[in-house]
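Notes to accompany the following structure.
All of the numbers you see were taken from the coordinates with simple rules; none came from a lab. Here the structure is a predicted model, which is why all the values come from computation and not from measurement. Note: ideal-geometry Cβ built from the backbone for every residue, glycine included; neighbour counts use all protein chains shown.
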Amino acid sequence: MKRFNKINANPKLQFLIVISFILVFNSCKEKEQFPVEPHIEFIDFTQVKNAQGVDQNGILRFSFTDGDGDIGLGVGDTNSPYNPGSLYYHNFFIKYYEVQKGILKEIPLLMPNNSRIPVITPEGRNKSIKGEIEMVILTNNPYSTYDTIMFDAKIVDRALHESNTIQTNYIVIKKH
C-alpha cells in the first residue's frame, strides 16, 4: 500500500512551512540588549605612511555597543550642548601621549584629534546597536622629536553618556 504525503506532494506548502518555521524561530529570538551608556573596545591601530615613507596618520579601529543607539551627531547638531566651542561639539575624544625619557606623558596638541562621529542610529523600534568604527588620527607631532606614542579614546552619545576609555598599545613612528 502506497502512502501519500500531502506535504511532500506540494512544494508551495513545503515552502510555507519552512518560512513559517524561520519566522517563528526568529520572533522567539531575543534582541540583543546593551546598557544605554556606550561601551567601546580597542581592536587595532594601523599606521599610514606618506609618499616619503614617514608615518603621518593612523587608523584607530574599535568596536562599540549602545543600548539606545544614540551615537553620532548630525551636521545640523550645533545647538547647545553641541555648539562649536563647547565640550560636546565633538563626540569622539582622544588624548595623545609620548614616551619621553622612559615616562609616558600626555601632550596637548595644537590641533587636537577630537572629532564628530556621524549619526548611526538604526531604523526601527529596537535601537540597540553594535559595530566597529575607524577613526583617522594624526600621529606625527611635528613639534616633537619623540617617536613612541600612545592614545586614549572615548565616545559620548547624544544623551551625553560617556563610554569607557580605551588605550592603544605603544606605537613607534618613523619621523623622517
key: Estimated distance in nm for a label pair at Asp44 and Thr145, the labels positioned 7 Å out from Cα along Cα-to-Cβ   = 3.4 nm
Whole-Å distance, taken between Cα centres, linking the stretch 38-77 and the stretch 151-174 = 9 Å
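In which sequence would Met135, Met111 go, from the one with the fewest C-beta neighbours within 10 Å to the one with the most?
Details: Met135 17, Met111 7.
If I rank by nearby Cβ atoms, fewest first, I get Met111, Met135.
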request  = Give me the distance in nm between label points sitting 7 Å out from Cα along the Cα-to-Cβ direction at Asn79 and Lys101, one decimal.
outcome  = 5.2 nm
request  = Restricting things to alpha carbons, find the Rg to Rh ratio for the stretch 39-172 using the Kirkwood radius for Rh.
outcome  = 1.00
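If we count every other residue with Cβ under 13 angstrom of Phe42's Cβ, Lys/Arg +1 and Asp/Glu -1, where does the sum land?
-3
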note = Contour minus Cα-Cα span, Val36 to Val54, at 0.36 nm per residue, comes to 2.4 nm
message = Cut-off under 15 Å on the C-alpha distance; same-chain residues fewer than 8 positions from Lys175 excluded. Which aspartates and glutamates are left, in chain and number order?
response = Asp55, Glu98, Asp147
